[in-house]
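This report concerns only the one structure given below.
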């Protein structure tokens, strides 16, 4: 199929220019002003941004969590994702204790069949030993070149020594390790104190995980990574104090990838005073207004990539913890709203440029996770994954008009000044005027090493 996108502002590689994008057989063949060629389909993108398809670096689809499973699987989750301009999700294939990484990867490949956008995997690990270490190069050769470790959760937590060894092992394969940074001992003690004081309500959740619990863990991770001599990725950064610790590590010469999510610049802890506070029980929790402002400001510089941490639960699932906030499943919906929230809070307010928006949503992720320039770029030879964003397309966010199966949205009732209009995936128009018009077009993205393997 030949497709021509005309009259738009092409935003890629840190530049914005009026140009046309010519696509043939799933690949971008030309980006040039006034381009003309016979085509089966022509899209007029006048007044719109034409961007590389967005990459969500952090999703949890069809994830079992204790006695519940996330409301969204790959069918509903990627439907919502592609409507929001996301052409590739990087989901966490989760290796439970007693399971091999190979088994986990097979399970997630099965879950992803029929995906409506492209998908890749990070491997989330729950244990570290010689058998798991031996699997790392095998997993990397299958195109999964990033891993995740947790400092919290009884079923997933690794100790510092295990993380040190794992970081070195992964880096020798050019694999990037991400870490969920919260201090396990501190948050457990704070939970004990809150319970002793009779606090079991959802509003106590952020009190159990204050900013310093994240900051301490980020600082500790930075020193572990320094000792290992490896790059490291901080997932869903949410605080000014955590940002400061990461910046100190960068000042020492360490390579640190920083990710945040829209909830940390669009919402704050005042939401826990609302009657449906359980909806906002996330980890990390929503933060103070000052932290929110710090994260928003950091979008212009220290933050590298924007994920969603989409981990959705229905209000009925959330209600299982009505008598104890520690029993509320942690997570929220947001996979469809990432670009429009970034535009509303950062671009429309003059904090960042559209070029920076494109970098945060796509280019930086493609570079960090071994996909560039096949993904994350609009240039001849790149994959034809394209998002057409209309700054004049106003939309009010609601779970009722989002495609995910979750019956709630943390952004309920927000009116945003711009939204995605059309999406091209693999050279095919899959979203037209905000509607999914082709289903099941997603393919697995086998990724290269994230950086040259370390000795």
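What's log10 of I(q)/I(0) for segment 381-435 at q = 0.16, 0.31 Å⁻¹, Debye sum over Cα points only, no solvent?
Listed by q, the Debye log ratios stand at -0.58, -1.12.
Given a cut-off of under 8 Å on Cα pairs at least six residues apart, what relative contact order in percent is computed for segment 54-368?
With pairs under 8 Å counted, the relative contact order is 19 percent.
Please give the direction-averaged projected area of the C-alpha convex hull for segment 54-368, in square nanometres with one decimal.
Dividing the Cα hull surface by four gives the mean projection, 14.9 nm².
Quick one: helix 130-141 against the long Cα principal axis of the chain, what's the angle to the nearest 10°, folded into 0 to 90?
Taking Cα atoms only, the helix is inclined about 10 degrees.
To test your reading of the geometry: what angle, between 0 and 90 degrees and rounded to tens, separates the Cα axis of helix 160-171 from the longest principal axis of the chain?
20
Just grab the label-to-label distance for residue 99 and residue 293, each label 7 Å out from Cα along the Cβ direction, in nm (one decimal).
A separation of 4.4 nm, rounded to one decimal place.
Return the whole-Å distance between the Cα centroid of segment 125-163 and the Cα centroid of segment 51-65.
20
At R0 = 25 Å, how high is the FRET efficiency between residue 192 and residue 68 if r is their beta carbon distance? Nearest 0.05 is fine.
Plugging the Cβ-Cβ distance into 1/(1 + (r/R0)^6) gives 0.55.
Grab the Cα-Cα distance for residue 44 and residue 443, subtract it from 0.36 nm times how many residues apart they are, and report the gain in nm with one decimal.
Full extension from residue 44 to residue 443 adds 141.0 nm.
Whole angstrom only: what separates the Cα centroid of segment 207-250 from the Cα centroid of segment 281-301?
14
Given the rule -39500 (n - 2.57) for each run of at least 4 DSSP H residues, summed and divided by the residues of the chain, what is its mean residue ellipticity at 222 nm, to the nearest 500 deg cm²/dmol?
The per-residue figure over the chain is -7500 deg cm²/dmol.
Rounded to two decimal places and with Rh computed the Kirkwood way over Cα pairs, what is Rg over Rh for segment 197-280?
Ratio of gyration radius to Kirkwood radius: 1.08.
In degrees between 0 and 90, to the nearest 10, how far off the longest principal axis of the chain does helix 74-83 point, with axes built from Cα atoms?
Its long axis makes an angle of about 50 degrees.
So how do 330-341, 269-280 stack up, highest first, on mean other-Cβ count within 10 Å?
Top to bottom by mean Cβ count within 10 Å: 330-341, 269-280.
Relative contact order for segment 320-455: what is it in percent, counting Cα pairs under 8 Å that are at least 6 residues apart?
It rounds to 23 percent for segment 320-455.
What is the extension gain from residue 349 to residue 15, computed as 0.36 nm multiplied by their sequence separation minus the C-alpha to C-alpha distance, in nm to one decimal?
Between residue 349 and residue 15, full extension yields 118.3 nm more.
Contact order normalised by length for segment 181-296, with contacts defined as Cα pairs under 8 Å and 6 or more residues apart; what percent is it?
28
Taking the Cα atoms of segment 143-183, report the difference between the largest and smallest coordinate on each principal axis, in whole Å and largest first.
28, 19, 15
Spin-label point model (7 Å from Cα, Cβ direction): what's the residue 30 to residue 131 distance in nm?
My value for the distance between the label points is 5.7 nm.
Using bins 10 angstrom wide from zero, how does P(r) for segment 314-364 break down, in % of all Cα pairs?
Pairs per bin, as whole percents: 22, 31, 18, 24, 4.
Could you check the spin-label model distance between residue 398 and residue 320? Points 7 Å from the Cα along Cα→Cβ, value in nm.
Spacing of the two 7 Å Cα→Cβ label points: 2.9 nm.
As a test of the definition: which semi-axes, in Å, follow for segment 284-330 when you take the square root of five times each eigenvalue of its alpha carbon gyration tensor? Largest first, please.
Result for segment 284-330: semi-axes of 29, 13, 7 Å.
If packing is taken as the mean number of other Cβ atoms within 10 Å per residue, what is the order of 80-89, 184-193, 171-180, highest first?
80-89, 171-180, 184-193
Rounded to a whole number, what is D in µm²/s for segment 1-98 from Stokes-Einstein with the Kirkwood radius over alpha-carbon pairs (25 °C, 0.890 mPa s)?
D = 154 µm²/s.
Share of antiparallel DSSP beta bridges in segment 54-368, in percent to the nearest 5?
Bridges in segment 54-368 are about 5 percent antiparallel.
For residue 160 and residue 433 in the same chain, what is the full-extension length gain: residue separation times 0.36 nm, less their Cα-Cα distance, in nm?
Once the chain is fully extended between residue 160 and residue 433, it gains 93.4 nm.
Every read-out reported here was derived from the displayed coordinates using simple, explicitly stated rules and does not represent laboratory data. All values reported here derive from a predicted model rather than from experimental measurement. Neighbour counts run over all protein chains shown; Cβ positions are idealised from the backbone, glycine included.
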